[in-house]
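Everything below concerns the one structure shown next.
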Amino acid sequence: MESIYNPLKLSVYRPLFREKKVLIIGSGAVGSYAAENIAKMGASVCLVDFDSFTLENAAKHSGVVRTPEDVGRYKAICVAERIRPLLEEGCVSHGVAADLCMLGPEVIASYDGVILCVDNYAAKALFNDLYMSIPEERRPIVIMDGTHEEMAQSVILDGKEFCLRCLLDEKWLENGAARTSCSGAQIREIDGVQEIIRTSGLASSIAANLSAEQFRAAVIGADQVMNRRVTYTAYPHFELSVSRPMPKKNCPGCHIKPPKEIRKLTGSVFDVTLGEALNQISESLETRDFEIAVHSLFYKNVMYAGFILEDVCHACGKPITVMRHEGRTFLEDLRCEDCIREKKHARRDVDFPPGRIEYALTEKSDPRLMSMKLFELGYPLGAHIRVIQRNGAFDFLDMDRITTTVFTCTDDPAQFYNVEHLR
Amino acid sequence: MSYTANYTDEHGNTTTVSISEEESREALRNDYEALIKIYNPRYVRIERKRAQEGEALHLAITVKAPSHYLIDNNDKTPKACQSMTAEIIAFPGYPLMSVRAFYAPDHYLASPNVFRSGGACIDRWVVFTSSLLTVAEKLIMDMIHNPVVTRYDSMANPTLEEWHKAGVARGEFPTIRPQLLYAPAVPLPERRQRTVKTPPPLPRRRT
């Protein structure tokens with residue numbers, strides 16, 4: 001297949017991008033421009049976003065997205081499809097409609113670069129947790145961008161000097177789900193009245209351009225690129241400046257330590273059942289005396305670390321079978337079929353007794369779990385699966401006996417290209 | 001691997017805290033060691049049970065004092081007994097992860113704060129405020145029906161609210177003096193004898 005571009009008119013560095021794979025998280029105002037830029041640079045692009053386009057997005061997203069034809073389509077899938085004709089020969093673009101909670105560290109580690117174009121701090125903090133769980137030598141470069149009024153910013157880091165969390169004020173995370181940008185909350189209060197901080201499509205596109213430039217500079221190996229923040233200030237104080245962010249004191253993100261060793265499980269979380277995982281782990285550890293910790297997810301200030309087997313209907317109080325991970329269970333999911341049919345809502349005012357929740361999975365776990373796939377049990381694609389060996393310890397007070405080994409499914413990163421929706 | 005949770009200080013400032021697995025285990029050990037020193041073994045027995053899969057620590061706390069129990073989820077008539085046992089399970093990730101507390105479903109404490117399934121209502125878990133110690137204290141005081149810790153607005157078993165209030169009004173609750181449950185204060189170590197002789201006093205100035 002012949003390239004659609006004339007190589008004589010393109011950058012001499014273009015061949016360096018051919019093998020690069022970039023993951024873009026968020027495919028809206030900034031993400032769609034970033035995807036277009038990276039595709040035109042000659043790299044492969046993968047996009048993730050759970051949201052879909054609405055008509056009001058047209059003022060900000062890249063011109064590759066068509067209006068009104070693309071209204072209602074999943075942003076990630078749509079942008080990936082629209083940039084496909086722009087790709088260099090041999091490159092791919094793929095979009096996945098998914099929440100970031102569905103991704104694990106190993107999927108992120110399989111990319112050369114990640115551009116984070118999300119508009120809320122909860123997602124940024126979650127991404128940082130995943131990123132810092134990757135062993136340092138396998139961490140991709142990360143670029144986080146955003147806007148504030150007409151200002152645009154982009155930060156590039158390799159996770160060695162500081163983490164993304166160092167760039168976030170902890171106060172911004174109190175309401176982490178609120179829409180924000182890289183430089184502060186997108187709502188400000190003047191004399192007790194809240195107002196939305198407006199930003200233009202131009203600022204968003206400049207943020208994406210800054211990210212693309214930082215990626216380009218990192219790939220060609222330019223000096224003093226890594227761990228820098230580039231800020232564009234619009235007229236009347238027009239300026240383009242570069243600064244070096246500092247690590248934050250007592251940063252909880254920097255405190256996260258990646259596992260020392262990660263062992264492999266054959267297959268992916270989509271096809272390996274709990275029973276198969278237990279067999280593979282027992283072969284690897286040469287013992288059957290272990291337990292698999294249920295996936296723990298800290299998102300929007302809540303820790304989800306259990307798998308709900310049974311609970312009571314949160315509308316009528318009748319016992320129900322749930323079989324879902326806590327992090328994937330909403331209050332409305334805790335209703336019996338009768339209440340769903342009668343459209344009764346789950347009650348928030350009643351303190352129901354806790355259901356039957358598993359925190360670890362073993363051969364002795366409920367037999368219904370054995371045939372469930374790891375993804376159904378709550379492990380995200382590319383998860384680090386924690387296996388605890390007690391080695392005869394009476395409990396966790398026998399600290400010296402307990403060992404933890406981390407496993408991951410080898411096919412997870414590849415499987416990411418086979419899905420369009422993760423839910 | 002680390003565990004993360006939000007911590008809100010006394011000024012209302014919230015920060016996220018991450019702890020490693022080792023730090024979690026150390027916190028558990030520290031709290032357990034503190035717990036076993038607080039109570040008088042004559043009245044409160046704290047016993048370690050073998051932790052099952054997914055559990056970090058499993059404790060059984062028995063209070064040897066008059067109490068009342070129910071036998072199933074339809075039972076509404078509290079029956080007297082001379083001791084009561086509650087169990088506490090701490091999970092990996094403690095103290096950022098909450099603990100679970102419960103009674104045997106066929107012999108559970110008659111209290112407005114105990115669900116009919118036997119689960120104990122231990123209030124919201126507040127990171128770095130709630131701990132094994134605060135939960136054990138609540139359970140132990142509940143077992144002697146000390147009204148100081150009873151939440152009458154709990155949804156757990158409101159049918160026992162009147163019964164509990166009547167017991168308090170009659171002066172029957174708490175069933176023993178709560179002070180008896182605590183370990184007697186450890187006396188300070190004896191003062192060492194002086195090893196250096198005090199020099200003789202200086203002669204007084206003549207007036």
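The values are calculated or read from the model by the stated rules, or taken from the named source; none is laboratory data. On a predicted model such as this, the values are computed, not experimentally measured, just so you know. Neighbour counts are summed over all protein chains in view; Cβ atoms, including those assigned to glycine, are modelled from backbone coordinates with ideal geometry. Heavy atoms of the whole protein, side chains included, go into the accessibility calculation; ligands, DNA and RNA do not. Shrake-Rupley method; radii C 1.70, N 1.55, O 1.52, S 1.80 Å.
Descriptive notes on the structure:
- Number of residues in segment B:112-145 that are open to solvent by 40 Å² or more (accessible area, probe 1.4 Å) and touching a Leu at 6+ places or on another chain (Cβ under 7 Å): the value is 1.
- Residue among A:229, A:335, A:341 that is more than 21 Å from residue A:409 (Cα to Cα), assigned by TED's automatic domain parsing to the domain that holds residue A:156, out of contact with any Gly (no Cβ under 7 Å at 6 or more places or on another chain) and open to solvent by 40 Å² or more (accessible area, probe 1.4 Å): A:229
So that you can scan it fast, the table gives a plain yes or no per residue for (1) surrounded by fewer than 21 Cβ atoms within 10 Å (Cβ to Cβ); (2) away from chain A (no Cβ under 14 Å); (3) within 30 Å of residue A:318 (Cβ to Cβ):
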| residue | (1), (2), (3) |
| --- | --- |
| B:12 | yes, no, no |
| B:22 | yes, no, no |
| B:29 | yes, no, no |
| B:33 | yes, no, no |
| B:51 | no, no, no |
| B:72 | yes, yes, yes |
| B:88 | no, no, yes |
| B:110 | no, yes, yes |
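- Residue match in segment A:410-422 (condition: free of Cβ contacts under 8 Å to residues at least 60 places away in the same chain and within 14 Å of chain B (Cβ to nearest Cβ)): no
- Strands (runs of 3 or more DSSP E) enclosed by segment B:24-141 - at least 1 residues per element that are within 30 Å of residue A:297 (Cα to Cα): B:44-49, B:57-63, B:84-90, B:100-103
- Under the condition of being buried (at least 22 other Cβ atoms within 10 Å of the Cβ) and not aliphatic (A, V, I, L, M), the residues counted in segment A:18-61 number 14.
- Looking across segment B:35-49, the residues that are more than 7 Å from chain A (Cβ to nearest Cβ) and either touching a Phe, Trp or Tyr at 6+ places or on another chain (Cβ under 8 Å) or β-branched (Val, Ile, Thr) (or both) come down to B:36, B:38, B:39, B:40, B:44, B:46.
- For segment A:366-397, the candidate set comprises residues that are of a type in the set (Gly, Ala, Ser) and surrounded by fewer than 23 Cβ atoms within 10 Å (Cβ to Cβ); within that set, the residue that is nearest to the other protein chains (Cβ to nearest Cβ) is A:393.
- For segment B:180-201, the tally of residues that are of a type in the set (A, V, I, L, M, F, W, C) and surrounded by 10 or more Cβ atoms within 10 Å (Cβ to Cβ) stands at 3.
- Some residue of segment B:69-78 being of a type in the set (Lys, Arg), under 22 Å from residue B:24 (Cβ atoms) and out of contact with any strand residue (DSSP E or B) (no Cβ under 6 Å at 6 or more places or on another chain): no
- Those residues of segment A:387-421 which are touching a helix residue (DSSP H, G or I) at 6+ places or on another chain (Cβ under 7 Å) and farther than 28 Å from residue B:53 by Cβ, in sequence order: A:413, A:416, A:420
- Of all residues in segment A:315-332, those satisfying the criterion of being surrounded by fewer than 17 Cβ atoms within 10 Å (Cβ to Cβ) and free of Cβ contacts under 8 Å to residues at least 40 places away in the same chain are A:316, A:317, A:318, A:319, A:321, A:330, A:331, A:332.
- Residue, nearest to residue A:208 (Cα to Cα), within segment A:136-157, restricted to residues that are in a loop (DSSP other than H, G, I, E, B) and modelled with pLDDT under 95: A:150
- Total residues in segment A:401-415, condition basic (Lys, Arg) and open to solvent by less than 10 Å² (accessible area, probe 1.4 Å): 0
- Hey, residue B:67 buried (at least 19 other Cβ atoms within 10 Å of the Cβ), within 22 Å of the chain's Cα centre (by Cα), within 12 Å of another protein chain (Cβ to nearest Cβ) and not charged (D, E, K, R) or not: no
Yes or no, residue by residue, for (1) away from chain A (no Cβ under 14 Å); (2) open to solvent by 20 Å² or more (accessible area, probe 1.4 Å); (3) among the basic types (Lys, Arg); (4) touching a helix residue (DSSP H, G or I) at 6+ places or on another chain (Cβ under 9 Å):
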position: B:93; (1), (2), (3), (4): no, no, no, yes
position: B:148; (1), (2), (3), (4): yes, yes, no, yes
position: B:155; (1), (2), (3), (4): no, yes, no, no
position: B:164; (1), (2), (3), (4): yes, no, no, no
position: B:178; (1), (2), (3), (4): yes, yes, no, yes
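- Taken together, the criteria exclude residue A:71 from residues that are of a type in the set (A, V, I, L, M), assigned by TED's automatic domain parsing to the domain that holds residue A:205, under 12 Å from the mean Cα position of the chain (by Cα) and over 16 Å from residue A:33 (Cβ atoms).
The rows are residues; the columns are (1) under 13 Å from the mean Cα position of the chain (by Cα); (2) without any contact (Cβ under 8 Å) to a residue 40 or more places away in the chain; (3) assigned by TED's automatic domain parsing to the domain that holds residue A:228.
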position: A:32; (1), (2), (3): no, no, yes
position: A:43; (1), (2), (3): no, no, yes
position: A:53; (1), (2), (3): no, yes, yes
position: A:64; (1), (2), (3): no, yes, yes
position: A:97; (1), (2), (3): yes, no, yes
position: A:121; (1), (2), (3): yes, no, yes
position: A:131; (1), (2), (3): yes, yes, yes
position: A:135; (1), (2), (3): no, no, yes
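- Taking every residue in segment B:67-85 that is over 15 Å from residue B:181 (Cβ atoms) and pairing it with any residue that is assigned to a loop (DSSP other than H, G, I, E, B) and among the small types (Gly, Ala, Ser), at least 6 positions away or on another chain, the pairs with Cβ-Cβ distances below 6 Å are B:68/B:110; B:69/B:110; B:70/B:110; B:78/B:110.
- Of all residues in segment A:199-226, those satisfying the criterion of being more than 23 Å from the chain's Cα centre (by Cα) and open to solvent by 40 Å² or more (accessible area, probe 1.4 Å) are A:202, A:220, A:221, A:222, A:223, A:224.
- In segment A:241-314, counting only strands (runs of 3 or more DSSP E) that sit wholly within it, the ones holding 3 or more residues that are open to solvent by 10 Å² or more (accessible area, probe 1.4 Å) and within 12 Å of chain B (Cβ to nearest Cβ) span A:297-299, A:302-304, A:307-312.
- Some residue of segment A:263-281 being on the phi > 0 side of the Ramachandran plot and either more than 23 Å from the chain's Cα centre (by Cα) or not hydrophobic (A, V, I, L, M, F, W, C) (or both): yes
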